[in-house]
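The values are calculated or read from the model by the stated rules, or taken from the named source; none is laboratory data. Remember, predicted model here, so these are calculated numbers, not experimental data. Note that we place each Cβ from the backbone using ideal geometry, even for glycine, and neighbour counts take in every protein chain shown.
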Amino acid sequence: MPKLPPGCELIETMRVMPDGDIPLWPAHYQRLECSATALGFPFDRTALTEVKTKIVIEAERTPQRCRLTLNGDGQLAFTMMPLSSTPEPVRIRICESPIVRSPEMRFLDAFKVSIRDHYDRAFAERGTADDVLLLNEAEEVTECTIYNIYIENKAGIFTPPVQCGLLPGIERTRLIEAGWATEQTLSISDVTSASQLYVSNAVRGCLRASLT
C-alpha cells in the first residue's frame with residue numbers, strides 16, 4: 001500500500017433527519033470499516049456506535065449534514081450543519097483538462113478521504129455552475145467534485161465504473177443495486193448527447209442535472 005499523505009482522514013458525509021435517523025447508516029458504517037481496514041486505520045465499533053448516539057442527540061428540527069471523520073490514530077469526530085435545499089437541475093460544467101494523478105493518489109480514488117486537492121482545484125473553477133465534471137487521463141468521465149454522475153439515453157441509465165477512477169458513492173451503490181443504473185465507461189460525447197443527466201450523493205439523494 002502506498003504511504004498515505006500526512007493528516008489523511010477517512011470521511012463519511014451523511015444526511016441526518018429531524019428524528020435523528022441516518023437513512024443510509026448501515027452503508028456508511030460498512031464503507032468506513034472497510035476503508036479503515038484497507039488503509040490500516042484502527043477501527044473501534046463501540047466508539048462508532050457511541051458517536052452515532054451523539055449525532056442522534058444533536059439532531060435538529062430540520063435535516064442536517066453530518067461530516068464524520070476517522071484519523072490514522074482511530075480517533076472519530078463529527079460536525080453538523082443545517083442542510084439547505086438544492087435547486088434542480090444541478091448545473092454541471094465539464095472540466096477543461098483531464099485530472100492527472102500520481103499512482104499514490106490514484107490509489108486513494110476509491111476511498112473518501114480528506115486529501116481532496118484535485119477536487120478543490122476543479123471546484124474553484126466552476127464559475128456559475130454548481131459542480132464540475134471530471135475526466136481521467138484517458139478523457140473518460142469519472143465523477144463530479146461533489147456528486148456521482150449518470151447519463152440517460154435510449155439504452156438506459158449509466159454511470160462510470162470505479163475502474164475509471166472515482167469514489168463509489170453510497171447513494172450510487174444503492175441506485176446500482178436497485179437496478180436503476182448500470183456501470184459503463186462514458187465519454188464526453190455520451191454526456192453531451194444524453195437525453196437527461198442526473199447526479200447523486202448520500203446527503204442530497206439523486207437529482208436532475210444539466211450542462212452549463
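Rundown of residues vs (1) in a loop (DSSP other than H, G, I, E, B); (2) outside the structural domain of Pro18 (by TED's automatic domain parsing); (3) closer than 22 Å to Cys8 by Cβ, yes/no style:
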{"residue": "Glu33", "(1), (2), (3)": "no, no, yes"}
{"residue": "Phe43", "(1), (2), (3)": "yes, no, yes"}
{"residue": "Leu48", "(1), (2), (3)": "no, no, yes"}
{"residue": "Lys52", "(1), (2), (3)": "no, no, no"}
{"residue": "Ala59", "(1), (2), (3)": "yes, no, no"}
{"residue": "Thr62", "(1), (2), (3)": "yes, no, no"}
{"residue": "Arg67", "(1), (2), (3)": "no, no, yes"}
Across the stretch 143-197, what is the total count of residues that are hydrophobic (A, V, I, L, M, F, W, C) and assigned to a helix (DSSP H, G or I)?
7
Determine whether the stretch 99-107 contains at least one residue that is modelled with pLDDT of 95 or more and buried (at least 18 other Cβ atoms within 10 Å of the Cβ).
no
I'd like the residue in the stretch 56-83 that is among the aliphatic types (A, V, I, L, M) and touching a strand residue (DSSP E or B) at 6+ places or on another chain (Cβ under 6 Å) and, out of all such residues, is nearest to Arg204 (Cα to Cα).
Leu83
Residue tally, condition surrounded by 15 or more Cβ atoms within 10 Å (Cβ to Cβ), within 19 Å of Pro168 (Cβ to Cβ) and not aliphatic (A, V, I, L, M), over the stretch 12-26
5
Whether any residue in the stretch 93-100 is of a type in the set (A, V, I, L, M, F, W, C), closer than 30 Å to Thr192 by Cα and assigned to a strand (DSSP E or B) is what I want to check.
yes
What are the pairs, 6+ residues apart or on separate chains, where a residue within the stretch 106-118 that is more than 13 Å from Ala36 (Cα to Cα) has its Cβ under 8 Å from a residue that is of a type in the set (Lys, Arg) and surrounded by 15 or more Cβ atoms within 10 Å (Cβ to Cβ)?
Asp109/Arg101; His118/Arg101
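Picking from Asp73, Asp19, which residue would you name as being at pLDDT 95 or above, among the acidic types (Asp, Glu) and not assigned by TED's automatic domain parsing to the domain that holds Ser189?
On the way: Asp19 fails: at pLDDT 95 or above.
Answer to the selection: Asp73.
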Could you give every pair whose Cβ atoms fall below 6 Å, whose first residue belongs to the stretch 166-191 and is closer than 12 Å to Ile149 by Cβ and modelled with pLDDT of 95 or more, and whose second residue is among the aliphatic types (A, V, I, L, M) and part of a helix (DSSP H, G or I), counting only separations of at least 6 or pairs across chains?
Ala181/Leu175
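Answer yes if at least one residue in the stretch 136-146 is within 17 Å of the chain's Cα centre (by Cα), in the same structural domain as Val16 (by TED's automatic domain parsing) and hydroxyl-bearing (Ser, Thr, Tyr), and no otherwise. Spell out the reasoning first.
Restricting attention to the stretch 136-146, the residues satisfying the condition of being within 17 Å of the chain's Cα centre (by Cα) are 136, 141-146.
Next, only the ones that are in the same structural domain as Val16 (by TED's automatic domain parsing) stay: none.
Looking for residues that are within 17 Å of the chain's Cα centre (by Cα), in the same structural domain as Val16 (by TED's automatic domain parsing) and hydroxyl-bearing (Ser, Thr, Tyr), one finds none in the stretch 136-146, hence no.
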